[in-house]
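Working notes for the structure below.
Read-outs: derived from the displayed coordinates by stated rules, not from any lab. Because the structure is predicted, anything quoted here is derived from the model rather than measured. All Cβ positions, glycine included, derive from the backbone under ideal geometry; neighbour counts span all protein chains shown.
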Amino acid sequence: MDPFSIVTSAITIAGAITTSLRLLQQMHDAPKYVTVLLQEISDFEIILAEVDKFLSDSPPTDIQQSTILSQYINTALLTLTEIDFLIKTKFLRRGSDGSEPAVRRLACLKSTSRLKELQNTLQAVKMNLTTILGVTIA
């Protein structure tokens with residue numbers, strides 16, 4: 001898969017995660033780290049938009065640079081996908097009567113460490129993409 005397609009997919013998933021996190025954030029008993037993760041995802045969306053712009057304006061001609069960029073973006077896509085999965089399957093519970101979703105407190109507590117690991121991965125990818133963009137643009 002080319003970097004441009006991966007970035008587009010990652011932007012879509014990041015948007016979906018943002019929607020889910022905002023829903024979680026509005027709930028009475030939402031975990032406090034939801035706000036931190038929401039900010040992290042929002043920051044990452046900005047980086048993805050910059051990568052998207054970079055790839056649209058001047059796609060990398062160097063095979064090695066393209067491969068490295070693809071690897072980082074692919075890591076981001078996998079990480080975002082897992083975050084999305086955790087939020088939708090572990091954190092939120094739909095009421096059996098079709099009522100508003102509720103937070104699964106115990107599942108949130110059990111998944112906190114994994115979510116923090118994923119957040120750290122996202123931060124590392126963000127830093128590496130920023131570095132690549134900075135070196136390439138300069």
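Things worth noting here:
- Taking packing as the residue-averaged number of other Cβ atoms within 10 angstrom, the listed peptides 33-44, 65-76, 110-121 run from highest to lowest as 65-76, 33-44, 110-121.
- Sites Ser66 and Arg22 - FRET efficiency at Förster radius 30 Å, r taken between beta-carbons, to 0.05: 0.30
- With K and R counted +1 and D and E -1, the other residues having a Cβ less than 13 Å from that of Lys126 yield a net charge of -4.
- Straightening the chain between Asn120 and Thr12 buys 36.8 nm, computed as 0.36 nm per residue apart minus the Cα-Cα spacing.
- Within a straight-line Cα-Cα reach of under 25 Å, Lys110 can be paired with the following lysines, leaving aside sequence neighbours fewer than 8 residues apart in one chain: Lys32, Lys88, Lys90.
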